[in-house]
1. Which trypsin sites (Lys or Arg not before Pro) does region 308-378 hold that lie in a coil by DSSP with at most 12 other beta carbons within 10 Å?
2. Given 0.36 nm per residue, what is the gain on full extension from A311 to D164 after removing their alpha carbon distance, in nm?
3. Which GluC sites (Glu not before Pro) does region 309-367 hold that lie in a coil by DSSP with at most 13 other beta carbons within 10 Å?
4. What part of the accessible area of region 29-81, given as a whole %, is carbon or sulfur when the probe is 1.4 angstrom?
5. Would you work out what percent of the accessible area of region 313-414, with all protein chains in place, is carbon or sulfur (probe 1.4 Å)?
6. Please find the FRET efficiency linking D29 to Y217, where r is the Cβ-Cβ separation and R0 is fixed at 60 Å, and quote it to the nearest 0.05.
7. In whole percent, and with a 1.4 Å probe on the protein chains, what portion of the accessible area of region 162-238 is carbon and sulfur?
8. Filter the chymotrypsin sites (Phe, Trp or Tyr not before Pro) in region 164-226 to those in DSSP coil with at most 11 other Cβ atoms within 10 Å of their Cβ, and list the result.
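The values are calculated or read from the model by the stated rules, or taken from the named source; none is laboratory data. None of the values given here were measured: they were computed from a predicted structure. Cβ placement follows ideal geometry from the backbone for every residue including glycine, while neighbour counts extend to all protein chains displayed. The protein model used for the area step is the full one, side chains on, heavy atoms only, and it has no ligands, DNA or RNA in it. Shrake-Rupley method; radii C 1.70, N 1.55, O 1.52, S 1.80 Å.
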Amino acid sequence: MIKLSLAFFFLVAYAVAYDNVTGNLEAWDSIFASREYEVLVHAKDNNLFWTEGPVLITNSDGGGDYETTLLFSDVIAAKTYSLHADRAIQDRTKEKFNDDEATKHMLDKYLHIVKERSGDSPPEDDNWRAEPGGNGLAALSQTPLRALVMCQHGARRLAILNLDTGTTHSLASEYEGRRLNGPNDVVLHSENGELFAYFTDPVYAWLEKDRFEDLPYLDEQVKSQGPGHCGVYRIKLDEDDKSHANAKNEVELITSDMMRPNGIDFIDENHLIVSECCQGSHLDGCKSGTSRWSIFEQQDYQERTPSSSWAYAKTIEDTVPIETAEGGCADGFAVYEYVNGEKVRKQVLLASCFGGLCIVDTETGAVVSRMWTARGERRGCRISNVAIGQEYAFLTGSCGILTLPLTRGGSTSQSKDTEASLHAEL
């Protein structure tokens, strides 16, 4: 790991008063212990631009206590970071630091760069690619953590990152002989003793610095230089991790019907959910203001088609006027269970959405509450993804790392937070 030497790492409680919560406030208060987020790591003070792909790892320190590390990406700065989350939260409650030496000490202690050039982008792309870095992350093992599965925009592939050496190697870079666009998010899932990586492959690796928005040129690049579509895929991971051949021969297409597939997770063993990040105005049915999540159901072996073992089941969609906020979309999310006021256990998504952070009821198929974070001066804070742990929801996006305290009694999805059965031999 490379220790940062930047100044101004202010671990102070920074509540934002102008952000508000609308919708079902009882549901919100059953999940969260506050209606205001706090900034844990300030983007501006730490040269962070667009944080993404958060994954929480909890390991024993050898003395009977446990330490929680938050790993995350910055897709614009092309760096992967680790943050000692529990220590940072503890120190946030202490007196504010008021000199550079104390600030520098805190930064050296808690926030580190795991990998530079995290997307392994070719140097010739530096002049034009707006988001060259790594994006979604998944822990390949946690005891101890040795490797991550990483989505790479620059190299346009799904890869394994060796945390000891900082090197990457490819898991998947093509589908039916054509290069992927640039994988965005990934989740690991065990099925009948076999481990699979499910991942999304939208347009965002094609974003250009001079045209840094969702415009028709992205879809033109997908057709001419990519696989011809935006897709959701899966790939089987071999236990010895000598799976380079999988990059060409065993990538399975789940769907190519989504225009902007993005976040991905499982709501149970047989149901996969994928968000769709609708931005801009040129795509009919996927314009800014719409937040959408599609659910896919695994088919019985006898019913499997040659193309996919998954079939579309239903869509959850929410649309609000674009004037109500300054951007955002249905990007990453976490699956969460809680007990409501009627003592009934409910499953929801804690999800990035247009305008901020949404609670999405997977049973009723509705957005029940929304915290409006993308408002105010400088567009507020747009949320990109969510990770759950240490009695907090950790939010990534334009403002760095934010936190929201959780009430007691909830639990997160197992797919992103339990140890995967695969232990890579790197």
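1. Qualifying residues, ordered by number: K343.
2. 49.0 nm
3. E342, E363
4. 42 percent
5. About 46 percent, which is the carbon plus sulfur part of the accessible surface.
6. 0.85
7. With neighbouring chains kept in place, the figure for region 162-238 is 41 percent.
8. The qualifying sites are F212.
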